[in-house]
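A short reminder: the numbers here are calculations on the coordinates, not readings from a lab. Nothing here was measured: the structure is a model prediction, and the numbers come from that model. We place every Cβ from the backbone using ideal geometry, glycine too, and count neighbours over all the protein chains shown.
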Amino acid sequence: MSDSTPESAVPERPDAAGRQDTHGPRGLPGHREQAPRPDLRTSVWVTALSLPPLGLLASAAWYGRSVRPGADDWCFLPVVRDDGITGLIGRFYFDDNGRVANAVLVGAYAKFQVAGHQWFGLVSGVLTLAVLWSVTALALRRSGLSVPRGLPLLVAAMATALFLFVTPNTYKTFYWPAASVSHTMPPVLACAALLPFLVARSRRGKVAALATALFAGLLIGTLSEESAIVVAVLLVTALLLSGRTTAESSRRFVRLWCAAGITGIAAGGLVLMTSPGSNARRERFGAGTTSLASPESLAASLRGFAEIAHTVVTTWQYIGAVAVGIILGLLCRSPGGSPPSLPAKWPLTACAGVAALLVSGYLCTVITYPVFQDRVSAPSANRLWNDYLLLYVALLVGAGALLGVAARQRARRTGPLQAVCAVLCVLVCFGPAVALLDLDANMRVRAGIWDAQDRRLRAGASAGADVLPYERLVISQMLEPFSRQGRSYWPGGCVADYYRIDRVTDATRHPGRT
C-alpha cells in the first residue's frame, strides 16, 4: 500500500530524440505534473497518536510477569506436565467439552507451566496488534485507498487497546490464558484468516485463501462455540449481500470463500458437538437442545443480552473507535488523490453489520445462559462478550470512517475535527491505564503470596505430607478452592494433583490459624 498520494501525471510523448520531454509548460503535452508530496507532519502526528494505546499494550504485557495460575489453570497444568499436550486433547475431547483446538492452544502455554502464564499476555497482545495492523493495511490497499504513514498502525493500536482493556474485567480478558484462548483469541484468529483473502490475486493465491478459510473454520469450530457462531453469522451475511455489494468480477471468489469458511465451521462444530466431552458438559449443566430452546431460557437470554448491550454501549471509551475511524475517513485518498466518496451501498452494508452483531450476540448469550444463568451479563462473566466485542469495535471504526468521508465532502476545513478526534484517542486511554495500574498492584501482591505458598506446599509434599492447607488467593473474581464460603471444593482436587498430594484443606479453617 502506498502511504502517500499516488502520482497523477499527464501522458507524455517522446521528443524527436526518442526521449520524454519533462520541461514543457504546465498543461501541455510533454509536461509531467509533480505529485503532491506526502505530508510529513500528518504522518508524524498520526504515528505519535498511536503511542498511548501502544503504551497500554506494552505496560500490560510487562505487568504479566505477576500472573500466577488460578481456577481452571490448576486442572490443566498437572495434565500437561504428566501426559503432555496429547493428554490434554484426550481429556478435552472425551471428558470436558470436546474443544480439540482449544486443548492444543491451552497445552501450548501450559507446557511452560507458570512461565507460560506470564508470557501469554505479551504473545497474545502482539499477535492481536499484528493481525489487526495487517488486516487494516491490506484492506485499505484492496480498496485502492492511500493513507499517511502510521495510520494503519494507529487504527490497529486503538482497536487492540479498546478490545483488550476497555472491559469490566481485564484480568479475565487479557491475563487469564484459559479465558483468552476460548473467547479473546478466536476472533483475532478469525481476522487472521482474512489475510490470504485480501492478498489473493492469482489463481494460486485464491486457492490458498479458500484452503485457509476452510482450515480456519475448522479451527474456530473446535476452539470456541461462541466465536464459531459470530463468524458463521458474518459469513452468511456476506454471502447474502455479495450479489449487491461485490463487483461481478470477484463475486464468485467471494462466494466460494464464504462457503469454504461456513463448511469449515460446520465440520468443526460437528466434531465438537458429537464428542463425548461435549455431551458430558451439556448433561452436567443441563444445556440440552430442549433447555436452550425453551421460552423461559430464550426470554432470559434476551434480558441478559440487553443488559450486556447496555453496559457496552454506555462505556464511553469506545468513542475512541469512532474517533480513529473519523481520522481514517478524513485522511484517506482515492487512487486519483482526491477524497473518496461514500460507497453506494453503505446503508445496506451498515444495517447488515449491525444486524449480524445483534443476532450473533444474542445467540452467544442463548448458548451460554444454561451454564451461567443470570450471571451471563455480570462483569465477572465479561469474557463471554469478547467473542463479538471485536466486531463491535470494527463496526464503530467503520462508522467513524463513513462520518469522516462525509465530513470531508462537506466541510472546508477538517483540522478542528481532526484535533478533537486526536484528543479523544488520547483521553480514552486514561481510564484503562489507571485500571491497569490498580490491577498490577493486586497481581504483584497475589504473586508474592502465591510464590510463598507454592514453596510451602512443595516443601510439604517433599516431606511426605498427603494433606496440606491451601489459602485462597482470589483476584478479579476468579474462582479458587473453598469459594462460596468454603462450600465449593473445586478446583482443590486439581491443586492437590499439581503438588502430588491427596487433598488440600481450607487454610482459613486450619487449626492454629486465626
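Using only Cα atoms, locate the centre of segment 161-194 and the centre of segment 357-418, then give the distance between them in Å, rounded to an integer.
So the two Cα centres are separated by 14 Å.
Using just the helices of the chain, give the 222 nm mean residue ellipticity in deg cm²/dmol: DSSP H runs with n ≥ 4 each add -39,500 (n - 2.57), and the total is spread over all residues, rounded to 500.
Roughly -21500 deg cm²/dmol at 222 nm, from the helical runs in the chain.
Sequence-distant or interchain residues sharing an amide H contact under 5 Å with D506, placed H: which?
Y470
Sticking with the crude label model, points 7 Å out along Cα→Cβ, report the distance from V199 to V423 in nm, one decimal please.
The two pseudo-label positions are separated by 4.1 nm.
Charges only on Cβ, +1 for Lys and Arg, -1 for Asp and Glu: so what's the dipole of segment 45-204 about the Cα centre, in debye to the nearest 20?
It comes to approximately 760 debye.
If the rule is a partner Cβ under 4.7 Å, which cysteines in the chain fail it?
C191, C258, C332, C351, C364, C421, C425, C429
With +1 on the Cβ of every Lys and Arg and -1 on the Cβ of every Asp and Glu, and nothing else charged, how large is the dipole of the chain about its Cα centre, in debye rounded to the nearest 20?
That gives a dipole near 1100 debye.
I'd like to know which of P491, M443, M478 lies farthest towards the positive end of the charge dipole of segment 430-514, counting +1 on Cβ of Lys and Arg and -1 on Cβ of Asp and Glu.
P491
Apply the Karplus parameterisation 6.51 cos²θ - 1.76 cosθ + 1.60, with θ equal to phi minus 60°, to every residue of segment 200-217 and state each ³J(HN,Hα) to the nearest whole Hz, in sequence, with x for glycine and proline.
Along segment 200-217, the couplings run 5, 10, 7, 4, 5, x, 5, 4, 5, 5, 5, 5, 5, 4, 5, 5, 4, x Hz.
Which of the listed residues, T170, C75, W257, is farthest toward the dipole's positive end in the chain, when Lys, Arg count +1 and Asp, Glu count -1 at the beta-carbon?
Value computed over the given set: W257.
Please report, in whole Å³, the volume per residue of the convex hull around the C-alpha atoms of segment 67-164.
123
For a quick check: with amide H placed at 1.01 Å from N, whose amide H comes under 5 Å from G144's, ignoring anything fewer than 5 positions away on the same chain?
none
Give the Cα extents of the chain along the principal axes, in whole Å, largest first.
Principal-axis extents of the chain (Cα, largest first): 101, 45, 45 Å.
For labels at R252 and A344 in the simple 7 Å Cα→Cβ model, what's the distance in nm?
It works out to 2.2 nm between the two label points.
Using the per-residue mean of other Cβ atoms lying within 10 Å as a proxy for protection, in what order, highest first, do the peptides 245-257, 81-93, 352-364 fall?
Ranked from most to least packed, the peptides come out as 352-364, 81-93, 245-257.
Return the long-range amide H neighbours of S275 (sequence gap of 5 or more, or a different chain), with a cut-off of under 5 Å between placed amide H atoms.
Answer set, sorted by chain and number: none.
Give the peptides 463-470, 496-503 in descending order of average Cβ contacts within 10 Å, highest first.
496-503, 463-470
Could you give the Stokes-Einstein D for segment 237-339 in µm² per second, using the C-alpha Kirkwood radius, 37 °C, 0.692 mPa s?
174
Can you find, among P196, S43, L270, the residue farthest towards the positive end of the dipole of the chain? Put +1 on the C-beta of Lys and Arg, -1 on that of Asp and Glu.
With unit charges placed on the Cβ atoms, the residue in question is S43.
Once R0 is set to 30 Å, what does the formula 1/(1 + (r/R0)^6) return for the Cβ-Cβ distance between A208 and L270, expressed as a FRET efficiency to the nearest 0.05?
So, using R0 = 30 Å, E works out to roughly 0.75.
When the Cα centres of segment 258-311 and segment 340-356 are compared, how far apart do they sit, in Å?
For segment 258-311 versus segment 340-356, the Cα centre distance is 29 Å.
Mind giving me the FRET efficiency for A465 and D83? R0 is 25 Å, r the Cβ-Cβ distance, nearest 0.05 is fine.
In this case the efficiency is close to 0.55.
Which of the aspartates and glutamates could a cross-linker span from K345 if the Cα-Cα distance has to be under 16 Å and same-chain partners fewer than 8 positions apart are dropped?
The reachable aspartates and glutamates, counting only those whose Cα sits under 16 Å from K345, are E248.
Could you order the peptides 154-163, 376-385, 43-52 from most to least packed, using the average number of other C-beta atoms within 10 Å per residue?
Highest to lowest by the protection proxy: 154-163, 376-385, 43-52.
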